[in-house]
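Written below as C-alpha cells is the structure these notes are about.
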Amino acid sequence: MSAAKARLAVTVPCLLAAGLPWIIAPRDLSLSPSGGPRPAETRAREDALPLLTLEPATWAPLPTTLCNENGCGVSFLLETPPVDARIVLILSNLAIEPAPAAFMLRAAPDPRPLDPANRPEALERRSLAQTCDNPGQSPPTEPAPANVVPPDETVRRLHWPGIPGRTAPEWIETLQLAVGRRVEVRGPERSPQTLQRAEELRAATEAVLPAVEQLLGPVPDLDGNGGLTLVLAPPLAKVATGGRPLHACVVPHDFEPGRTPPHGNAADLIYINPTENPAAGWKTILAHEAAHAAVCGARAERRLPGLEDWLHEGVAHAVECRAASNENVRERVERYLEETARSPLVLADAMRAGRWRDPGCRGACFLFVDWCLREHGDDWLGRILQTPCGGTDAVAHACRSDFDELYRRWSLHVLAEGGTAWPTRTPAMIPWNIAAPLNLEVAGTSSAFVELECGAGPHDRMWQVEIACGGARRRLQATAVRVFRKKTEAGSERTTP
C-alpha cells in the first residue's frame with residue numbers, strides 16, 4: 001500500500017454475531033493512532049481480506065472479537081457503493097461494564113482494481129427483515145367500584161428503607177384511606193384532599209391491574225389483606241433526579257417472605273409520592289409499579305434472585321405500554337436515539353453505576369425488552385420470571401439464543417424502525433468521511449451508528465477498512481447495513497430496508 005493512502009482513526013465499538021462460520025479470524029492489527037506503517041506480516045495478509053458488498057436491504061456481520069491486553073481488531077475490503085447508496089456500520093461495545101472503550105478505525109483506497117474474474121471471497125449477506133407490529137394495547141378496563149364499608153381504623157406501621165444519598169429510613173404510621181376489591185390505599189392522614197387522591201389511585205390501579213397480571217401473573221398477597229397496598233409516603237416528595245420527581249416506587253425486599261423491619265415489611269407494597277401528579281397519568285405509572293410488584297413477588301416465591309436493574313425496568317416499561325400507554329417512555333426513547341453510544345443497555349445496579357433513572361438507559365432497556373416480546377411473544381415474560389439467572393443469561397435462556405446475536409438483531413431493528421412502532425425517528429447517525437479521521441467513544445453494551453461517506457470516484461475501487469480497539473476485556477461487534485430513507489406522513493425521515 002502506498003504512503004499516500006488516506007488514514008483514519010476512529011473510537012468505535014462493534015456489533016458482531018457469535019458462533020457463525022466467519023471467513024477470517026480476528027487478528028491483532030498493531031495499528032498506531034498516527035497511521036504509521038504497518039508490519040510486513042499485516043501487509044502480506046491483505047490479499048486474504050473478505051469483500052463487503054451490499055445490495056439494498058441487506059446486512060453483513062463481521063467477526064466478534066475478544067480483546068486481550070494488546071487490544072484486538074478486524075478488517076475487510078469495502079467495494080465503493082453507488083452514489084445514492086447509504087452504508088451504515090453499527091459499531092458496538094459488548095463489554096458489560098458501562099465505562100466507554102476507545103477504538104480506532106481507518107480506511108485507505110486499495111490500489112488494485114476490482115477484477116470481476118478474481119473477486120475476493122465475499123462476506124455473508126442477509127436480508128434486513130422488518131418487525132414493526134403495533135404493540136398490543138389492552139382495552140380500557142372499568143375500575144371496580146370501591147367497597148362501601150366503614151374504613152378500618154387500625155394504624156399500620158410501615159418502614160420506609162430510604163434511598164442512599166437522598167432520603168433517610170423512617171417509619172410511616174398509616175391509616176386506611178380507600179379500599180376496593182383488589183387494592184387498599186393507606187397514608188398518614190385523612191384530609192378531604194388526601195381521601196380524594198386515595199380514591200383516584202385505587203381506581204387507577206384496579207383499572208390496569210388485570211392487564212398487568214395477565215402478562216406477568218398475579219401479584220402475591222403477602223400480608224393477607226386481600227390485595228395490593230398503595231402507601232402515600234411523604235419521603236418520596238424529597239426525591240428527584242435531573243429535575244424529574246419520583247412518582248412511585250417498589251422496594252424488592254418488601255416482597256421477600258420472612259423479612260422484618262428494617263430489612264423489609266413482608267408485604268406487597270407500592271410507595272406513592274403524595275404531592276405529584278405525573279404527566280403520563282397515574283394509570284401508566286401504576287401499571288409500571290404493579291409490574292415491578294408482580295416480578296418481585298414471582299421471583300421471591302420461587303426463591304430466585306431478583307432481576308438485574310436494566311431487565312427489571314425494561315419489563316416494567318414494556319408492560320406499562322401494553323396495560324396503559326407509552327406516555328412514560330416516549331421521552332426516554334427519544335433520549336436514547338439521540339445518544340445511543342452513551343446509553344448502556346446492561347446495568348446490573350444502576351444506582352451504583354451512577355445511572356439511576358437515566359433516561360437514555362431506560363429508553364434502551366425498554367426498546368430491547370419490547371423487541372424481545374415482539375420476536376418471542378408474551379410467553380417470553382413467563383420464561384424470564386422462571387429462569388434462575390437475572391441478567392443477560394436470563395435473556396439468552398428465555399430467547400433460546402446467544403445474547404450477542406440477540407443484541408445484534410435488536411440493533412438492526414433500532415436502525416430500521418427506531419425501535420418502536422409509534423412514529424419516531426431513527427437513531428442519530430455519525431457521519432464518517434472515510435478519507436478523514438474520526439474519534440468516538442462507546443459505552444459498554446451500547447452502539448454507535450456510523451454512516452459511511454465514500455465521496456465521488458470510480459465505483460470499481462475497493463477500500464481497505466480496519467477497526468481496532470485498545471485495552472483488555474472489550475468485546476467488539478460490527479454489522480454493515482445498506483439502507484435508504486423514505487418520508488413519513490409527518491414529513492420526517494426514517495431509515496428503512
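Restricting to region 135-190, name every residue that is closer than 30 Å to Phe368 by Cα and either modelled with pLDDT of 95 or more or not assigned by TED's automatic domain parsing to the domain that holds Ala204 (or both).
The answer is Pro135, Gly136, Gln137, Ser138, Pro139, Pro140, Thr141.
So which residues in region 206-219 are surrounded by 19 or more Cβ atoms within 10 Å (Cβ to Cβ) and part of a loop (DSSP other than H, G, I, E, B), if there are any at all?
Hit for region 206-219 is Val219, nothing else.
Take residues that are touching a strand residue (DSSP E or B) at 6+ places or on another chain (Cβ under 8 Å) and tell me which of the helices (runs of 4 or more DSSP H) falling wholly in region 330-442 contain 3 or more. Break it down stepwise before answering.
Values: elements: 330-338, 359-376, 379-386, 392-399, 403-417.
Qualifying helices (runs of 4 or more DSSP H): 403-417.
Per-residue answers, yes or no, for (1) in contact with a Pro (Cβ under 9 Å, 6 or more places away or on another chain); (2) part of a loop (DSSP other than H, G, I, E, B); (3) without any contact (Cβ under 8 Å) to a residue 12 or more places away in the chain:
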{"position": "Thr284", "(1), (2), (3)": "yes, no, no"}
{"position": "Ala300", "(1), (2), (3)": "yes, no, no"}
{"position": "Leu304", "(1), (2), (3)": "yes, yes, no"}
{"position": "Ala316", "(1), (2), (3)": "no, no, no"}
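Looking at Pro261, Pro274, which one is in a loop (DSSP other than H, G, I, E, B), out of contact with any Ser or Thr (no Cβ under 9 Å at 6 or more places or on another chain) and farther than 27 Å from Gly444 by Cα?
Being in a loop (DSSP other than H, G, I, E, B), out of contact with any Ser or Thr (no Cβ under 9 Å at 6 or more places or on another chain) and farther than 27 Å from Gly444 by Cα holds for just one of Pro261, Pro274, which is Pro261.
Anything in region 237-258 that is assigned to a loop (DSSP other than H, G, I, E, B) and free of Cβ contacts under 8 Å to residues at least 12 places away in the same chain? List them, or say none.
Keep residues of region 237-258 that are assigned to a loop (DSSP other than H, G, I, E, B), which gives 239, 242-243, 246-247, 250-251, 256-258.
Answer for region 237-258, where residues must be assigned to a loop (DSSP other than H, G, I, E, B) and free of Cβ contacts under 8 Å to residues at least 12 places away in the same chain: Gly243, Gly258.
Report, by residue number, each residue of region 313-331 that is within 30 Å of Leu440 (Cα to Cα) and either surrounded by fewer than 23 Cβ atoms within 10 Å (Cβ to Cβ) or not assigned by TED's automatic domain parsing to the domain that holds Asp370 (or both).
Selection gives Arg330, Glu331.
Which condition from (1) under 19 Å from Gly297 (Cβ atoms); (2) surrounded by fewer than 17 Cβ atoms within 10 Å (Cβ to Cβ); (3) at pLDDT below 95 is the one that Leu222 breaks?
Going through (1) under 19 Å from Gly297 (Cβ atoms); (2) surrounded by fewer than 17 Cβ atoms within 10 Å (Cβ to Cβ); (3) at pLDDT below 95 one by one, Leu222 breaks only (2).
The values are calculated or read from the model by the stated rules, or taken from the named source; none is laboratory data. The structure displayed is predicted, hence computed values, not measured ones. With ideal geometry, Cβ positions are generated from the backbone for all residues, glycine too; neighbour counts draw on all protein chains shown.
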